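Taken together, the values in this text are just the output of simple stated rules run on the coordinates, not laboratory data. The structure displayed is predicted, hence computed values, not measured ones. All Cβ positions, even for glycine, are placed from backbone atoms using ideal geometry, and neighbour counts span all protein chains on display.
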Amino acid sequence: MKSAVAQLVECFDRGLGDPHDPLQIFSFARCQELDEREEFPTEICQRLDGLGLARRYVPAALGGELHSYEELAALVRLVARRDLTVAVAHVGTFLGAASVWLAGRPEQAAQLAREVEAGSVVSLALSEREHGSDLLANRVRTSGGEDWYRIAGEKWLIGNASRGQLVCVLARTEPVGGPRGFSLLLVDKRRLAPGSYRCLPAVRTVGIRGADISGIEFREAEVPADALVGAAGTGLETVLKCLQLTRTLCGALSLGTADHALRLAVRNSATGANPALAGAYADLLVAEAVTLVAARAVHALPGELSVASAAVKAFVPTLVEELIADLARELGPALLLAEPTEADSFQKLERDHHIMSIFDGNTAVNLNALVNQFDALARGYRRARVDQAGLAAATTLSDPLPAADTSRLALFSRHGSSLVQSLPAALAELTDPHFAPLAAALAEQAEQLHTEMAELRPSAREVPAMAYELARRYTVLFAAAGCVQLWLHNRTADDSPFWQHGDWLRAALIRLLGQLGAGSGELPADLVAELTERLRHQHKAGRLFSLLDCQLEESA
Amino acid sequence: MTATLSRTADRLGDPADAANPLGFAALVAADERGELPAVQLGFTPELVRALGGRDLGLVLGRALAPALSGLPRPAGYAFLREEPLRARPVDGALLLDGQVHATGPGALLLTVELAGTARYLLLPAELRPPAGPFYRTPGLRGCRPHRLAFTGHRVPADALLPGPADPARAARLLAGATLGALDTQLRTTLRFAEQRELYGRPVTALPSARAALAEAFTDLLIADCCLARGTAATVEQLVPVLVREAGHRLALLLGARSYLREGEHAIFQKHQRDLTTLAALRGPLHQPGARLAEQAAQACRLVQQQSADPFRSAPHWLAAALHRLAGLGDPTARAPHPHDLPPNDSPAARAERDQLLLDELRRRQRPATSPS
């Protein structure tokens, strides 16, 4: 099955050239060297701009080429599978600009669109040294006059704070703070009075060493009042909606890293069926399925994105972290003890990827976002509330997506998750005998989990530790629902047994039941053989490790 | 026991002292330079664990070899690379064949197989074969791990040390050093969690943070019991898993601070990278199953029954340990037996256990004494 998105990806990858060729700008060897020198990948980012990646961050309505988040996620994955550092460094501009797409004035958004297309770097400045993920505790504040704001305070651990020409800053516009006490300001550093701000030195990090992770200190920096993004007091709401988009894209960043890890594992393993490789491949396909469905849900089920984005951000990076650890353990020292003659090294991606469960809302923050919605999720499940049209659009790959309407994003999903709430009915469709025990086990898990979720009555302040475990299980269930629906809605579009018999789905469900503690997670020999063979075939043919067909510009 | 340990820790000086070459700041700086800290110490077996709390590179690159062999001078240590390293006598000398992963510069302690017996051999620096290649490891940067290949490599017969090699003892010492590292990670995270405010109160007031600290501490306690009373298999296979999973849990709690190579928590990530590298040097590890979990549970029970220490002889930590071990390994074959578990595992009972474990952790944090 080859989608229109795959054609876009193929074209983009051709533009980047063979990553194994050290003469290419965006080669594995080059990324390794840059990491060792802790140097920003300037040339590579320019190359990506040249191929139009920055234009893909700008909504089509503003003249850009962000037609769908499915496309954007596919491109982000493609960059991340070559190098996560580069992906984090470049995609930061989308993070910085998205708040303006969501809430900015039309002329402000149009102006920023021109900047982004011209290659300006935009940064989102949220976190502070002492407050991390606790946005309500942020201290950077403004004082205001008739037509100006003055910003004071420090933002720290900010991607592209130093390199960015523009910084979107969350600041306290009401001294007392509170949910309506913060605003977003789009600050043009080039127009600030000299001395009214200072970029902080890049912080030395464990991974993504070449990225610009720094900070910025404002010293009564004066900006015009029209720097405000949306109405005063809406900063937190806008940021939380913006994060729903970026957290969904984080699935693609992790997925790309999983591609990279698995490719190195294939290259360093003996031939023949291999349970470790097959298991990792099945996990990768799960990560792909859930990321794909969530990215399409931006268009198809925007009101539920508070659930989908949190589930993806908590689930995919954790899954990929384990995938990397499993490969390192099972395939032994060869992967971590790379010799300098090898351009590509596993230990770098291992270090790089740890950032994924930390930034853009760490895993606990995202699980907490789900806990806060348990009530609606449990209720929606009991009532089997499903937005059928939205669900079909999110999961039917051949259907064109409606334009993304970000005005429909909501901080809480009133009706829960159509994906999870349609699971019992979807499982009932898996009547084939080789699915039956898996479907039954999963249905039982879903029932059990929702019962426990309904029984939990957490207060906002006192979230019991076990609530996080329930939320973790919910993310696994969400992934399972994504896989099941993706298969049901697309199985006839491909005539390979992999799709027709649902072999990949069987592997996915076995792995996910393992994560729910309802099975060993070990794949039977027939699936190990089939998955290993397909994996090796995709590797040899220079294809993306994927449920779908996608040819890469890559020598084996 | 406690007195001896605190004396050995005293010899390493205050970890928070920026002027101490064995303080965290100096150790992180040395690691950034890819160097081992230059210190003059007698490396006894008792010191290895405390030293692991400072720098695993120093353990591997200098301390483990003298602690194992009783040699008077520091030397590096070598891990086998799949096959054993073979020695055969040839007219008054020995010929070595095989490959190892070596750590540390200078003299190197090798474990060789000679006439069917494992022996230690001290390879003098000047008799090393050409080193290389050096690995790109995420950690242990100061001891620059590398491959060393021997092909009919000639060494004098007196390089051989008297007595048999003791791989089980090496594994125990090494496991102890990793527990030292985990202990430091736990202290670092606890300090962070007590000082940091989240949602208007200290992080340690959040039930999930308390549970994470209690779980990591439980893993450290179980690992301690494995070392004290457990089988060799628990030391070699279960302890590394406990150390890895506890470190992972703590990293999530420490958040961005677990990712910074600078600042007051930087020692955390150094230990994390060193532990990852050490695991790679030791070779593949398999997920422990129910049998190992039961052996560890038995070790925990013995420690609890026989300890005079008020905390260790109390039932709470044992309950936490048994629950933790029940969740390890194959989830479909839960061990230990359910009837062995304390009946009350309600959220309230767990919260109470977490509190008691946290109290003990804080008690240990206060004076600068060594762990356990």
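When the Cα positions of A:Leu301, B:Ala297, B:Pro315 are compared along the charge dipole of the protein assembly as shown, B:Pro315 comes out farthest toward the positive end, with charges on each C-beta of Lys, Arg, Asp and Glu. Coupling constants for the stretch A:474-491 follow from the phi torsions by the Karplus curve (6.51 cos²θ - 1.76 cosθ + 1.60, θ = phi - 60°), and in residue order they are 4, 5, 5, 5, 4, 5, 4, 5, x, 5, 4, 5, 4, 5, 4, 8, 10, 4 Hz; glycine and proline get x. For the stretch A:1-56, applying the loop criterion from DSSP together with a ceiling of 15 other beta carbons within 10 Å to the GluC sites (Glu not before Pro) yields A:Glu38, A:Glu39. Of the GluC sites (Glu not before Pro) in the stretch B:1-106, the ones in a loop by DSSP (not H, G, I, E or B) with at most 10 other beta carbons within 10 Å are B:Glu82. The mean number of partner chain beta-carbon atoms within 10 angstrom of a residue's beta-carbon across peptide B:270-280 is 3.
State, as an integer percentage, the relative contact order of chain A based on alpha-carbon contacts under 8 Å between residues 6 or more apart.
Relative contact order comes out at 16 percent.
Close amide-amide hydrogen proximity is noted between B:Leu94 and B:Val155, B:Ala157, each under 5 Å apart and 5 or more residues distant or on a separate chain (H modeled in the peptide plane; Pro and chain starts excluded).
Using C-alpha pairs under 8 Å with a sequence gap of at least 6, the mean separation divided by the residue count of the stretch A:4-117 gives a relative contact order of 23 percent. Can you compute the FRET efficiency between B:Ala232 and B:Ala19 using 1/(1 + (r/R0)^6), with r the Cβ-Cβ distance and R0 = 45 Å? Round to the nearest 0.05. Between B:Ala232 and B:Ala19 the formula returns 0.65.
For B:Ala349 and B:Ala168, FRET efficiency with R0 = 60 Å and r from the beta-carbon atoms, rounded to 0.05? The formula returns an efficiency of 0.95 here.
Among the residues of B:206-212, the average count of other protein chain beta-carbon atoms within 10 Å of the residue beta-carbon is 5. Of A:Lys2/A:Lys313; A:Lys189/B:Lys270; A:Lys313/A:Lys348; A:Lys155/A:Lys348; A:Lys540/B:Lys270, which sit over 29 Å apart, Cα to Cα? Table pairs above 29 Å Cα-Cα are A:Lys189/B:Lys270; A:Lys540/B:Lys270. Relative to the longest principal axis of the Cα atoms of chain A, the long axis of helix A:503-515 lies at roughly 70 degrees.
Between the C-alpha center of the stretch A:83-100 and that of the stretch A:280-346 there is a gap of 18 Å.
For the stretch B:77-165, what's the relative contact order in percent, using C-alpha pairs closer than 8 Å and at least 6 residues apart? Don't skip to the end; give the middle numbers.
On the way: 191 pairs, mean separation 30.4, N = 89.
With pairs under 8 Å counted, the relative contact order is 34 percent.
Peptide A:154-161 has a mean of 1 when you count, residue by residue, the C-beta atoms of other protein chains within 10 Å of its C-beta. When peptides A:355-364, B:316-325 are sorted by average Cβ neighbour count within 10 Å, with the highest value leading, the order is A:355-364, B:316-325. Residue by residue, the stretch B:346-355 carries 3J(HN,Hα) couplings of 5, x, 5, 5, 5, 4, 5, 4, 4, 4 Hz when phi is fed to the Karplus relation 6.51 cos²θ - 1.76 cosθ + 1.60 (θ = phi - 60°); x denotes Gly or Pro. Highest mean packing comes first when the peptides A:411-419, A:439-447 are listed by Cβ atoms within 10 Å, giving A:411-419, A:439-447.
Of B:Pro66, B:Pro347, B:Pro21, which has the largest mean-square fluctuation in a 10 Å C-alpha GNM of chain B? Result: B:Pro347 has the largest fluctuation of those listed. Each Lys and Arg contributes +1 and each Asp and Glu -1, all at the Cβ; summed about the Cα centre of chain B, the dipole is approximately 260 debye. Amide H contacts of B:Ala118: B:Ala165, each under 5 Å away and 5 or more positions distant or on a separate chain (H built 1.01 Å from N in the peptide plane; Pro and chain starts excluded).
Checking every one of the GluC sites (Glu not before Pro) in the stretch A:146-243 against DSSP loop status and a limit of 12 other Cβ atoms within 10 Å picks out A:Glu146. Each residue of the stretch B:189-203 is assigned a 3J(HN,Hα), and the resulting list reads 5, 4, 4, 4, 5, 7, 8, 8, 9, 9, 6, x, 8, x, 4 Hz, derived from the Karplus form 6.51 cos²θ - 1.76 cosθ + 1.60 (θ = phi - 60°), x at Gly and Pro.
Between B:Glu113, B:Glu245, B:Glu352, the GNM of chain B built on Cα springs shorter than 10 angstrom shows B:Glu352 fluctuating the most. The H on the amide N of B:Arg196, modeled in the peptide plane, is under 5 Å from the matching H of B:Val203, each at least 5 residues off or on a different chain.
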